[in-house]
Amino acid sequence: MPIKRTYFQQDVEVVNDECVYDGFFKMHKQTLRHKKFNGEWSETFTREMMVRDDAVCVLLFDPIQDKILLIEQFRPCLPKSDSPWLIELVAGMVEEGEHDEEVARRESFEEAGVEVKRLEYMFKFVPSPGGLVEYLRMYAGEFDASKVDLNRSHGLDSENEDIKLHLFSSQEAIALLDEDIENASTIMGLQWFALNKHKLKNLWVDEV
């Protein structure tokens, strides 16, 4: 049953929107007000928010060999972690004019060296709604595990990427949820897969 929303975008008034930093990310400072649940308008207040393009994440699954492909790469923004190398899903930002499916296929080839056959939409989410303006849209992507080269690193030198591949059975991948995985999209993607594996496998295998 769809959620019945109380208010929509037109119930927010942005008084001022200032871009205070423009680099790999953008930082905006907004002065705004919005309708409250009692029907009145709030006082104006200020919020800072980081703005970046939307991104697409891909959980790579081989329904024939029952394998999942995950990647490992360095993340410099994790000073509180035991290791700044994270196990993740393939992911990439949506460039202007691109469709999600194009991003999914491009990033799967760049980061994992595999070609995606079919794609199945999973869900979308906001990683940090209190301070980040971005949607992550999640897909399951069909690939051929027999063509994976685990002996070489992947990624673009121009983006300083150095990516290692990890091939797991689906049960091994789901079991990673009991480990200390720190990447939110990977956790949610594996949880979705644990709930929908049989439906996804039947859909793809029946179409072969």
What fraction of the DSSP beta bridges in the chain is antiparallel, stated in percent and rounded to the nearest 5?
80
Summed side-chain charge close to W41 - residues other than W41 whose Cβ falls under 10 Å, Lys, Arg +1, Asp, Glu -1
-1
Computed label-point distance, nm, for sites E43 and W85 using a 7 Å Cα→Cβ extension
5.1
Considering the chain as a Gaussian network with a 10 Å cut-off on Cα pairs, which listed residue, P76, P127, P84, attains the greatest mean-square fluctuation?
P76
How large is log10 I(q)/I(0) at q = 0.15, 0.17, 0.18 Å⁻¹ when the Debye formula is applied to the Cα atoms of the chain, each weighted equally and without solvent?
-1.02, -1.20, -1.29
Within the under-15-Å Cβ sphere about Y7, not counting Y7, Lys/Arg +1 and Asp/Glu -1 give a net charge of +2
Once the piece of chain linking H34 and K117 is laid out straight, how much longer is it, given 0.36 nm per residue of separation minus the C-alpha distance between them?
25.5 nm
Looking at N196, S169, V116, which one has the Cα that reaches farthest to the positive end of the dipole of region 55-206 (charges on Cβ: Lys, Arg +1; Asp, Glu -1)?
N196
V12/R52 FRET efficiency (R0 22 Å; Cβ-Cβ; nearest 0.05):
0.65
Work out the length of the dipole vector of region 8-163 about its Cα centre, built from +1 on the beta-carbon of each Lys and Arg and -1 on the beta-carbon of each Asp and Glu, and round it to the nearest 20 debye.
580
In Å, the Kirkwood hydrodynamic radius of region 9-51 over pairs of distinct alpha carbons?
11.3
Under 19 Å from K147, Cα to Cα: aspartates and glutamates that are on another chain or at least 8 residues apart:
D62, D66, E72, E107, E110, E111, E115
If packing is taken as the average number of other Cβ atoms within 10 Å across a peptide's residues, how do 37-48, 139-150 rank, most packed first?
139-150, 37-48
If Lys and Arg each add +1 and Asp and Glu each add -1, what is the summed charge of the other residues whose beta carbon sits under 12 Å from the beta carbon of W192?
+2
Could you sort L190, L32 by accessible area so the largest value comes first, with the probe set to 1.4 Å?
L32, L190
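The values are calculated or read from the model by the stated rules, or taken from the named source; none is laboratory data. If you're wondering where the values come from, they're calculated on a predicted model, not measured in any experiment. In this analysis, Cβ positions are derived from the backbone assuming ideal geometry, glycine residues included, and neighbour counts consider all displayed protein chains. To get the accessible areas, we keep the full protein, side chains included, count just its heavy atoms, and leave off ligands, DNA and RNA. Shrake-Rupley method; radii C 1.70, N 1.55, O 1.52, S 1.80 Å.
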